[in-house]
Amino acid sequence: MIFRETPLRGAYVIELERYGDERGHFARAWCREEFARHGLCTEFVQSNVSVNPVRGTLRGLHFQAPPHGEVKMIRCVRGAVYDVAVDLRPDSPSYGKWFGVELKADNYLMNYVPAGFAHGFQTLVDDSEVDYLVSAFYSPGASTGVRYDDPAFAIDWKLPVTRISERDRTWTLLSAPVPVTPVPA
């Protein structure tokens, strides 16, 4: 695995290294030792699947409030998504900034999103499926979010939103003390 730091402190894009022959290819998607060497979370307690039949579907921006914060490791296993992380840690130098990466079934990239970040994605093609690991059990009372279209973030979603839940459409806006801008990839 190749670990690439993003402009957001603690967030990584991880590229799976493929090894192939006439049968196809093989890649490791998780290695506790490699994650530990990079100082990343090595304890995941849940694996989630999100199936999205329609291009333009948006899910997010979600997070769990402390003390139930969760690390997420996201991978697209069918189709393609634009995966976004927003740093909501007030003491972070990248507070209020966001980073997005295109995850596709055939590009073998994963997005590692630390606790204290909001996370969301938009499907870029029909029939997209996302698998992700989380480091904390789901806690309904701690489940919250911020608006996907919050002007404080000005996230450049790649497509018009075709489907979104009422809950995601109506999260509150973040009251950012200063204007924030996206971090270039």
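The values are calculated or read from the model by the stated rules, or taken from the named source; none is laboratory data. Remember, it's a predicted structure, so these values are computed and weren't measured experimentally. For neighbour counting, all protein chains shown are included, and Cβ atoms are generated from backbone atoms with ideal geometry for every residue, glycine included.
Observations
- Only one entry in 44, 26 is at pLDDT 95 or above, more than 24 Å from residue 153 (Cα to Cα) and surrounded by fewer than 19 Cβ atoms within 10 Å (Cβ to Cβ), namely 44.
- Within segment 1-45, the set of residues being of a type in the set (Asp, Glu) and part of a loop (DSSP other than H, G, I, E, B) comprises 17, 22, 43.
- Here 68, 62 are screened, and the one residue that is in contact with a His (Cβ under 9 Å, 6 or more places away or on another chain) and closer than 20 Å to residue 41 by Cβ is 62.
- Failed item in (1) closer than 19 Å to residue 51 by Cα; (2) surrounded by fewer than 23 Cβ atoms within 10 Å (Cβ to Cβ); (3) touching a residue at least 40 places away in the same chain (Cβ under 8 Å), with residue 106 passing the rest: (3)
Okay, residues lined up against (1) at pLDDT below 95; (2) under 30 Å from residue 149 (Cβ atoms):
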| residue | (1), (2) |
| --- | --- |
| 9 | yes, yes |
| 12 | no, yes |
| 34 | no, no |
| 50 | no, yes |
| 67 | yes, yes |
| 80 | no, yes |
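- Applying the criterion of at least 2 residues that are farther than 16 Å from residue 86 by Cα and at pLDDT 95 or above to the strands (runs of 3 or more DSSP E) found wholly in segment 110-185 leaves 128-134.
- As a summary of the residue check, residue 38 satisfies the conditions (1) within 30 Å of residue 159 (Cα to Cα); (2) touching a residue at least 24 places away in the same chain (Cβ under 8 Å) except for the one numbered (1).
- Any chance residue 68 is farther than 17 Å from residue 120 by Cβ and either buried (at least 16 other Cβ atoms within 10 Å of the Cβ) or of a type in the set (A, V, I, L, M) (or both): yes
- Out of 138, 132, one residue alone is among the aromatic types (Phe, Trp, Tyr) and buried (at least 17 other Cβ atoms within 10 Å of the Cβ). It is 132.
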